[in-house]
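No lab work stands behind these numbers, since they all come straight from the coordinates. Since the model is a prediction, treat every value here as computed from it, not as a measurement. So basically every Cβ, Gly included, is an ideal-geometry build from the backbone, and we count neighbours across all protein chains shown.
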Amino acid sequence: MIHKKTYYSMELEVRGKVLIIEGPLTGEQLTSLDFHEGLVAFRPPAEQKKALVGIADLPEGRINVVRDGNTVVGYVTFLYPDPMERWSEGKMEDLIELGGVEIAKEYRGAQVGKTLLRFSMKDDAMEDYIIITTEYYWHWDLKGSGLDVWAYRKVMEKMMNAGGLEWYATDDPEICSHPANCLMVRIGKRVKPDSIEKFDLLRFQNRFMY
């Protein structure tokens, strides 16, 4: 289930600046943009830019960005789950992962992340997908934010809620390895019941646990 990617954009005023939220962008469009030096949650900005260009050109890959002029100050990624994770085992064409969302520190605190996620879900194609995100505390910018793990978890959960993602239980060992980790899910309006059933089997594989 590979959808045609329809470009959308909107303006967002933050502290006197007009930011552009847009996407999904192509790899070529991303290449022409600069990346804010504060986008370091996953890897250095230049390397992250390269990774996002690669995702943008995947058939199912979607990258939506927040930019200040020609500089990307935030982004969200959507793509099929990592082949090494259990979420890919069902080989579901209608299951995609919100792989990463990041906002540069100086642009936080103004609901930029929430707005970016709300914007992403306005794309009608999202109604055909089960969208998951796996939140692991070791990916969070605890140092830069000054928050402890539970306060950060609350921030992340509220941001994901803005995009319609809700907490779902799972017995996935990596998620269960720390109580702050969580699985969050949004099930699109057109997702078929058999896909939801298949997804539930992925969520719980240790059937002997009661």
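Over 21 Å between C-alpha atoms is what I'm after, so list which of Lys5/Lys189; Lys105/Lys158; Lys50/Lys91; Lys122/Lys158 land there. Check vs 21 Å cut-off fails for Lys50/Lys91. Shape class for segment 94-172, computed from the alpha carbon gyration tensor (a ≥ b ≥ c): oblate, with a/c not under 1.5 and a/b at or below b/c. Taking Cβ atoms as reference points and 10 Å as the exclusive limit, the residues near Arg62 contribute a net charge of -1, counting Lys and Arg as +1 and Asp and Glu as -1. Couplings 3J(HN,Hα) of segment 163-174, computed from phi: x, x, 8, 10, 5, 10, 6, 7, 9, 4, x, 5 Hz, in residue order, whole Hz [Karplus 6.51 cos²θ - 1.76 cosθ + 1.60, θ = phi - 60°; x for Gly and Pro].
Under a model in which nothing but the beta-carbon of Lys, Arg (+1) and Asp, Glu (-1) is charged, segment 1-75 shows a dipole of about 120 debye around its Cα centre. Close amide-amide hydrogen proximity is noted between Leu95 and Ile130, each under 5 Å apart and 5 or more residues distant or on a separate chain (H modeled in the peptide plane; Pro and chain starts excluded).
Counting beta carbons within 10 Å around each of Ile132, Ile175 and listing the fewest first gives the order Ile175, Ile132. From its DSSP helices (H runs of at least four residues, each -39,500 (n - 2.57)), the chain gives a residue-normalised ellipticity at 222 nm of -8000 deg cm²/dmol. Computed from Cα positions, the angle between helix 45-56 and the longest principal axis of the chain comes to roughly 60 degrees.
Rounded to the nearest Hz, the phi-derived 3J(HN,Hα) couplings of segment 134-147 under the Karplus curve 6.51 cos²θ - 1.76 cosθ + 1.60 (θ = phi - 60°) are 9, 9, 10, 4, 6, 8, 7, 7, 5, 5, x, 7, x, 9, where x marks glycine and proline. Just to confirm a number: summing +1 for Lys and Arg and -1 for Asp and Glu over residues other than Leu33 whose beta-carbon lies under 12 angstrom from that of Leu33, what do you get? Cβ neighbours under 12 Å give a net charge of -2. For Leu165, no residue 5 or more places off, or on another chain, has a built amide H under 5 Å of its own. Annotation: amide H-H contacts under 5 Å for Tyr8 (H modelled 1.01 Å from N, sequence separation of 5 or more, or interchain): Gly23.
The residues neighbouring Leu12, those whose beta-carbon lies less than 13 Å from its own, together hold a net charge of +1 under the Lys/Arg +1, Asp/Glu -1 convention.
Placing +1 on the Cβ of every Lys and Arg and -1 on the Cβ of every Asp and Glu, with nothing else charged, gives segment 43-159 a dipole about its Cα centre of roughly 620 debye.
When a/c reaches 1.5 or more, the comparison of a/b and b/c decides; with that in mind, is segment 121-210 rounded, prolate or oblate per its Cα gyration tensor? Because a/c hits 1.5 or more and a/b fails to exceed b/c, segment 121-210 counts as oblate. Which of the three applies to segment 98-141, rounded, prolate or oblate, going by the alpha-carbon gyration tensor with a ≥ b ≥ c and a/c under 1.5 meaning rounded? Oblate, since a/c reaches 1.5 and b/c is not below a/b. To the nearest 20 debye, what is the magnitude of the charge dipole of the chain about its Cα centre, counting +1 on the Cβ of each Lys and Arg and -1 on the Cβ of each Asp and Glu? Charge dipole, the chain, about its Cα centre: 420 debye, nearest 20. Put +1 on the Cβ of each Lys and Arg and -1 on the Cβ of each Asp and Glu in the chain; which of Ser145, Phe78, Tyr7 then has its Cα farthest toward the positive end of the dipole? Working it through, the farthest residue towards the positive pole turns out to be Ser145. Return the label of the correct value of log10 I(q)/I(0) by the Debye sum over Cα atoms at q = 0.10, 0.11, 0.12, 0.15 Å⁻¹, as calculated from the structure shown, out of (i) -0.47, -0.56, -0.65, -0.95; (ii) -0.54, -0.63, -0.71, -0.93; (iii) -0.42, -0.51, -0.61, -0.97. It is the value labelled (iii). To the nearest 10 degrees, how steep is helix 149-162 against the longest Cα principal axis of the chain, on a 0 to 90 scale? Roughly 90 degrees, rounded to the nearest 10.
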